[in-house]
Structures are given as structure tokens and as C-alpha cells.
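The values are calculated or read from the model by the stated rules, or taken from the named source; none is laboratory data. What you see is a predicted model, and the numbers here were worked out from it, not measured in a lab. Because the Cβ atoms are built from the backbone with ideal geometry, glycine has one as well, and the counts that use them run over all protein chains shown. The protein model used for the area step is the full one, side chains on, heavy atoms only, and it has no ligands, DNA or RNA in it. Shrake-Rupley method; radii C 1.70, N 1.55, O 1.52, S 1.80 Å.
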Amino acid sequence: MTQAFDIVVVGAGMVGAALATGLGQNGFRVALVDKQTAPRYDPEAPPDIRVSALSAGSERYLQQLGAWPEIMALRATVYRRLAVWDETRHPLSALIPRKPTEVVFDATLLAASHLGHIVENRITQQALWQCAANQPSVTLMPGTGVTALNNGDDRATVTLENGDTLSCQLVIGADGGQSRLRELAGIGVTRDQYAQQAMVISARYGGPVEDITWQAFHPSGPRAFLPLHSAGPAHPGESWASLVWYDSPEELARLKALDNEALILAIQRGFPDDLPRLTHIDTRASFPIARQHAKHYHNGRVVLVGDAAHTINPLAGQGVNLGFQDAACLQTMIREAHRAGGDLAHPLWLARYEQQRRPANRRMMLAMDAFYHLFSNRIPPVHLLRNLGLGAARALPFARNRVARYAMGIDEELPAMLKQITARLPGLKQL
Ligand SMILES: Cc1cc2nc3c(=O)[nH]c(=O)nc-3n(C[C@H](O)[C@H](O)[C@H](O)COP(=O)(O)OP(=O)(O)OC[C@H]3O[C@@H](n4cnc5c(N)ncnc54)[C@H](O)[C@@H]3O)c2cc1C
């Protein structure tokens, strides 16, 4: 069976579902296809192992789509402070207190009510599926992947695993880092695998829900502690947290093989003393991390968004926030193409989308790489440099706060001076 739409969105992850909702609100006839079945939130179940720190900018975008109240009604944890410090050991470590290299970003000092929310991916996705389903012009097609593409001159045709074909003007690839659509459209990527991997641990700790997230930088990789919601009456006085431990694949394989008690002990030794004590580990999973950028964001009638276009080091939790910015930008271009009375896949508008998003995504990739290289080594001058950097961040609250407001999505623009500096950094053009 062949069905006709204006737009087919392949991949109903957080980014694809958001974009389909926005396009549906603009009145486009959209098919939203995903190989997975609908996400299902169970309030009694432990949290999803995949959580994301959603910035204030993402919150505004999700508000516009109508998904934010739904997310808040399900489950989300606000954070108002973010503590960052360098944990590299050196011969003088015992003599120097940690405080000089600790920087705390506090919403009140940034003139904001909060820095962001930690939300389980399943919850964001479910809220967005609901919003997409509420749009009369959006058709959800879960449980079937894309197998073939005909990227024709006049229309594109997408073939699904169930044998159905969908014909449309524009196909949007939102099917993640391993995008099949990107491959079918013949769009290549540049890719660098990092030496580190990430292990995510879903755990309970003794104590109330916190409004601070912690990130300690070790030469082997960062370690982050993200507080989640209360564990409820079944575990009085306890709360859930998501821990992320970046390290070599060998070290993570060793940690992953430990039983729960031994892993709790390893975490106690490996994380700072002032973090809450863990009481129980629910799940653990490790993820390879890579910096990957599509060589083009569009080809013919296909355009890419989110992880299908770029994946970045998750150490500062920016991946989906960038994906939402792609989605908002592409929606504007599609609306403009429609207003101009032309083809929704007109190269003029797709090129404008890429012109806007590629430099912004590249800038964030470069910033994450700079962090990665600066903090993932033990060379004494580099160690000195980063401690000077953290010291400067403490000493120059104005500059620090402007950058932090941008990174948290409170401000939409990086200060002009910093934009000029990042634009001149070597290597930016190759990404
Ligand atoms: C350890 C870790 C921690 C992270 N923490 C954060 C964070 O704190 N903040 C943040 O902003 N980001 C974070 N990220 C990044 C974030 O998870 C991703 O950027 C985000 O999930 C990308 O969303 P997406 O919708 O583009 O792709 P995905 O989430 O990958 O969704 C792709 C969708 O496409 C579907 N699909 C795949 N193939 C097909 C096919 N052939 N046909 C049909 N459907 C298909 C999949 O089922 C899926 O639903 C983290 C990533 C990792 C690994």
C-alpha cells in the first residue's frame, strides 16, 4: 500500500517526535515512523537508564510544542546548581584543598530560576509521541523500520519493513547516530572514536532529592552524579540518581563485571566523599562515544537532524539540546519554503538550514573536544593550565556566568567576543 504525505520523519526519538509535532502544528501532513513500539512510562518502575539534562532553551522549545507540562506531570528533576572540579592527583594534592579548583554554577547568580532539568529519555519521548498523536495531520507508524529509499526528482518514496511505501516531498532523517536513512541517501560522515567510553549507572542513594549535579574531572575521564526523583514509600528516605563514569573500555569492562556491592564500593572510592552514599544499584550499561558529523545535512529530498547529523561527546550533556535546535531551525525553513509556494525540499531552504546549524553544532563539538583533551591527561603544564582555568572561572564571575548562561540555554547567543574566539580556533573547519 502506498500513502502520500508532505513529509516523512524517520525516527521518533526525542528529536524526530518533536519535529513531527511542530510540523503537524503547522498543518503539514506528516508520517512519523519508528522501528520501536511506543514508549511506555510506568510510575512504579525504576527510572530509564538513559537520562538527559535538558537546558532552559530545550524547556522553552518543549513548552511551545505543548510537551513540557506533560513531562513535568510524569517525572523530571530540576537542578539549580552544577559543581565542577578537577580530581587529578599530584604530589601536592594532599596539601592543597580541593576548593580552589571547584566551580559552582548557581542559577541565582545567573539570574535564572534554574539551570535545567534531568529527564528520563523515555519520558520526554512519550510526552512528545502524545503531542504528535494529538495533531490530526500527523500519522504515527511505530514498530516498522525503513528499508529502502527512492530519492526522486519530483517526490521521494520510503519503503517500510512491513512492505508499505510512503511518498512525500521531503524525508527527514531523525534515526540517530547509526542512521539508516543517512546511509540510504548516500551521505557520508567524519567520525572519531574517543579512547573513553561511558558507563551509566542507575542507583538509589540515602537522602532527599538534591538540586545540584556534580561533575569531577579525572585524567581517565569525567564522573558525574545526576540526582533524580524520590524513590517513594517503597524506599523511605531514598532517592534515585544517575551516575556516569567515563573511562577506558578495559576499566569499564572490569567495573561492569563487579557485583552490586563491589560496584558500590568502587563508586565510593572513585567519587568524591561529599556525594550522597549509594544504597542500591538497579542497572548499568556502557556506551561507546564518538564525535561524528555528517558531511552534508541534506541530499536531494533527504535532510538530517539530531544524532543522525551529529553526535558529540556527552560529557556536558548537550546532544539532544542541539538536536532540538536543529528541529526548531528546520521547521522554520520548511515553513518558509511552504510560504514561498515552492517545493518543501527546495535546496535553497535546506542549504539555509545547514548554514545555520552546522557552525553551531561544530562549535559545541569543538568545545567538548577541548574539555576532553584538557582534562583527560596528566601532563603537569596542562594540569596547571586547567587549574588556572578553573581558578579564572572562579575569579571572573561575569565572563563565566555569560558562558554558563549560553551553555545552559538561558541565553540563545554566545557573547560576541567568545564567538569570535571560537570561530578562530584551529581545526574548526575540518569538523
Ligand atoms: C551516556 C550518554 C549520556 C547522554 N546525556 C545527555 C544529556 O545529559 N543531555 C543531552 O542533551 N544529550 C545527552 N546525550 C545525547 C542524547 O542521548 C542524544 O543526543 C539524543 O538521544 C539524540 O536524539 P535523536 O532523537 O536524534 O536520536 P535517538 O535518540 O537515537 O533516536 C533515534 C530513533 O530512531 C529510531 N530508528 C533507528 N533506526 C531506524 C530505522 N531504520 N527506521 C525507523 N526508525 C529508526 C530509533 O528507534 C529511535 O527511536 C547522551 C548520550 C549518551 C550516550
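Can you give me the C-alpha center-to-center distance between the stretch 332-349 and the stretch 308-331, rounded to a whole angstrom? The stretch 332-349 and the stretch 308-331 have Cα centres separated by 22 Å.
Averaging Cα coordinates gives a centre for the stretch 1-63 and one for the stretch 103-119; these two points are 27 Å apart.
Going by the alpha-carbon gyration tensor, a ≥ b ≥ c the square roots of its eigenvalues, is the stretch 205-272 rounded (a/c under 1.5) or, if a/c is not under 1.5, prolate (a/b greater than b/c) versus oblate? Oblate.
When the Kirkwood hydrodynamic radius is evaluated over all pairs of different C-alpha atoms of the stretch 153-207, what value in angstrom, to one decimal, is obtained?
Working: mean 1/r = 0.0652 Å⁻¹.
In the stretch 153-207 this quantity evaluates to 15.3 Å.
Restrict the search to the stretch 1-95; then list the trypsin sites (Lys or Arg not before Pro) that DSSP places in a loop and that have at most 13 other Cβ atoms within 10 Å of their Cβ.
Numbers: sites: R29, K35, R40, R50, R60, R75, R80, R81, R89; in loops: R29, K35, R40, R50, R75, R80, R89.
Within the stretch 1-95, the qualifying trypsin sites (Lys or Arg not before Pro) (loop, at most 13 other Cβ atoms within 10 Å) are R40, R89.
Here is the size of the stretch 117-177 from its Cα atoms: Rg then Dmax, 14.2, 43 Å. The residues of the stretch 93-206 have, on average, 41 Å² of accessible surface per residue, using a 1.4 Å probe with all protein chains present. Classify the stretch 214-321: rounded, prolate or oblate, from the alpha-carbon gyration tensor (a ≥ b ≥ c, eigenvalue square roots; a/c under 1.5 rounded; otherwise prolate if a/b is larger than b/c)? Taking the square roots of the gyration eigenvalues as a ≥ b ≥ c, the stretch 214-321 is prolate.
Where the accessible area of the stretch 1-54 is counted over protein heavy atoms with a 1.4 Å probe, how much of it, in %, is carbon and sulfur?
Details: 990 of 2100 Å².
That fraction is 47 percent.
Loop-only chymotrypsin sites (Phe, Trp or Tyr not before Pro) in the stretch 1-94, please: DSSP not H, G, I, E or B, and at most 15 other Cβ atoms within 10 Å. Walk me through the intermediate numbers first.
Values: sites: F5, F28, Y41, Y61, Y79, W85; in loops: F5, F28, Y41.
Counting only loop positions with at most 15 other Cβ atoms within 10 Å, the chymotrypsin sites (Phe, Trp or Tyr not before Pro) in the stretch 1-94 are Y41.
Label positions at A285 and T2, each projected 7 Å from the Cα along the C-beta direction, are separated by 3.8 nm. Check each of the chymotrypsin sites (Phe, Trp or Tyr not before Pro) in the stretch 287-368 and keep only those in coil by DSSP with at most 16 other C-beta atoms within 10 angstrom; list them in order. Passing both the DSSP loop test and the Cβ count: no residue.
FRET efficiency for A253 and E183, Cβ-Cβ distance as r, R0 = 41 Å, nearest 0.05? Plugging the Cβ-Cβ distance into 1/(1 + (r/R0)^6) gives 0.90.
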